[in-house]
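A.B. asks: Would you mind keeping the following structure in view while I ask a few things?
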Amino acid sequence: GAVVSQHPSRVICKSGTSVKIECRSLDFQATTMFWYRQFPKQSLMLMATSNEGSKATYEQGVEKDKFLINHASLTLSTLTVTSAHPEDSSFYICSANSGTSGGPNGELFFGEGSRLTVL
Amino acid sequence: ELKVEQNPLFLSMQEGKNYTIYCNYSTTSDRLYWYRQDPGKSLESLFVLLSNGAVKQEGRLMASLDTKARLSTLHITAAVHDLSATYFCAVDGTSGSRLTFGEGTQLTVNP
């Protein structure tokens, strides 16, 4: 079946540095991908919708200048956490739909997640 | 704004028992998802429910959807320890795979 892959699965960085997380759809094209954040013992919160070839759409309260999203191709979206701080430590998960428009013919897949720890 | 509520949030049960997790949502939706999450892992898809009255079963888990009541249930039959995990329901209110998740139900099945 279709697979969405994230890299890296774990990353530890120092406070003030930037970290890039990749989300790839391995055997389908995804014009839209989604980025979620999950703090320990909490649910998933949608951060932004990544749109191929255009600007991402951010959810209310998510700083677009801190969480840079680039969707340069139909199989790759990247999330860059800029000037990371300890409070950004979290589990980041992406998802993508294998359908062309996310409609009934598409199936939704989640990546394996990327655990960010900021020291 | 779409809101999704699950209950209970914590569930401790004995092996062999049955129980139901409830998922209520606030606005109309095209589809409802159930996921399982093990500690430190991403989401594992369990069910996608697309229409009113939909019922799906896989092993000891059965999910149903009542769109009129805006309610989905995940029923666990004769629980086993391997079912211990956190279960999330999620609702797609926009037809675009943009999901709103419930708070999650942490299930512990005791031997």
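Please treat every number below as a calculation from the coordinates, not as lab data. No experiment lies behind these values; they were computed from the predicted model shown. Using ideal geometry, Cβ is built from the backbone for each residue, glycine included, and neighbour counts are taken over all protein chains shown.
A.B. asks: From the residues A:T82, A:H71, A:L46, which one has its Cα farthest along the dipole of chain A in the positive direction, the dipole being from +1 and -1 charges on Cβ of Lys/Arg and Asp/Glu about the Cα centre?
C.D. replies: Working it through, the farthest residue towards the positive pole turns out to be A:T82.
A.B. asks: Let me see the P(r) profile for chain A: every Cα-Cα distance counted, bins of 5 Å, each bin given as a percent of all pairs.
C.D. replies: 2, 13, 23, 25, 20, 11, 5, 1, 0
A.B. asks: Write down the Kirkwood hydrodynamic radius of segment B:1-101, to one decimal in angstroms, obtained as one divided by the mean of 1/r over all alpha carbon pairs. Intermediate values should be presented prior to the final figure.
C.D. replies: Values: mean 1/r = 0.0724 Å⁻¹.
It works out to 13.8 Å.
A.B. asks: Using C-alpha positions alone, give me the convex hull volume of segment A:11-62 per residue in cubic angstrom.
C.D. replies: Expressed per residue, the convex hull around the Cα atoms of segment A:11-62 is 138 Å³.
A.B. asks: Another one. For the charge dipole of the protein assembly as shown, defined by +1 on Lys and Arg C-beta atoms and -1 on Asp and Glu C-beta atoms about the Cα centroid, which residue among B:L65, B:L49, B:S12 has the Cα displaced farthest towards the positive pole?
C.D. replies: Going by the charge dipole, the pick is B:S12.
A.B. asks: Say the cut-off is 27 Å between C-alpha atoms; which of A:K55/B:K68; A:K41/A:K64; A:K20/B:K3; A:K41/B:K17 go over it?
C.D. replies: A:K55/B:K68; A:K20/B:K3
A.B. asks: What does the charge count around A:M33 come to, taking other residues whose C-beta lies under 10 Å from its C-beta (Lys +1, Arg +1, Asp -1, Glu -1)?
C.D. replies: Around A:M33, the charge tally is 0.
A.B. asks: Relative contact order for chain B using alpha-carbon pairs under 8 Å, separation at least 6, rounded to a whole percent? Write out the running numbers ahead of the final one.
C.D. replies: On the way: 289 pairs, mean separation 41.2, N = 111.
Normalised by residue count, the contact order of chain B is 37 percent.
A.B. asks: Report the semi-axes of the equivalent ellipsoid for the protein assembly as shown in whole Å, largest first, where each axis is √(5λ) for an eigenvalue λ of the Cα gyration tensor.
C.D. replies: Equivalent ellipsoid semi-axes, largest first: 30, 21, 15 Å.
A.B. asks: Quick one: what are the phi-derived ³J(HN,Hα) couplings along segment A:40-51, Karplus 6.51/-1.76/1.60 with θ = phi - 60°, whole Hz, x for glycine and proline?
C.D. replies: x, 6, 10, 7, 8, 10, 5, 9, 6, 9, 9, 10
A.B. asks: Evaluate E = 1/(1 + (r/R0)^6) for A:V3 and A:K64, where r is the Cβ-Cβ distance and R0 equals 30 Å; express this FRET efficiency to the nearest 0.05.
C.D. replies: Calculated value: 0.60.
A.B. asks: Using the Cα centre as the reference, give the magnitude of the dipole from point charges on the C-beta atoms of chain B (Lys, Arg: +1; Asp, Glu: -1; all else neutral), rounded to the nearest 20 debye.
C.D. replies: For this selection, approximately 160 debye.
A.B. asks: Continuing with this model, one more query. From largest to smallest, what semi-axes in whole angstrom does segment B:50-111 give when each is the square root of 5 times an eigenvalue of its alpha carbon gyration tensor?
C.D. replies: 24, 15, 9
A.B. asks: With an 8 Å Cα cut-off and a minimum separation of 6 or more residues, compute the relative contact order for chain A in percent.
C.D. replies: Working: 305 pairs, mean separation 42.7, N = 119.
Taking the mean separation of contacting Cα pairs over the length of chain A, I get 36 percent.
A.B. asks: Work out the length of the dipole vector of the protein assembly as shown about its Cα centre, built from +1 on the beta-carbon of each Lys and Arg and -1 on the beta-carbon of each Asp and Glu, and round it to the nearest 20 debye.
C.D. replies: Charge dipole of the protein assembly as shown: 180 debye, to the nearest 20.
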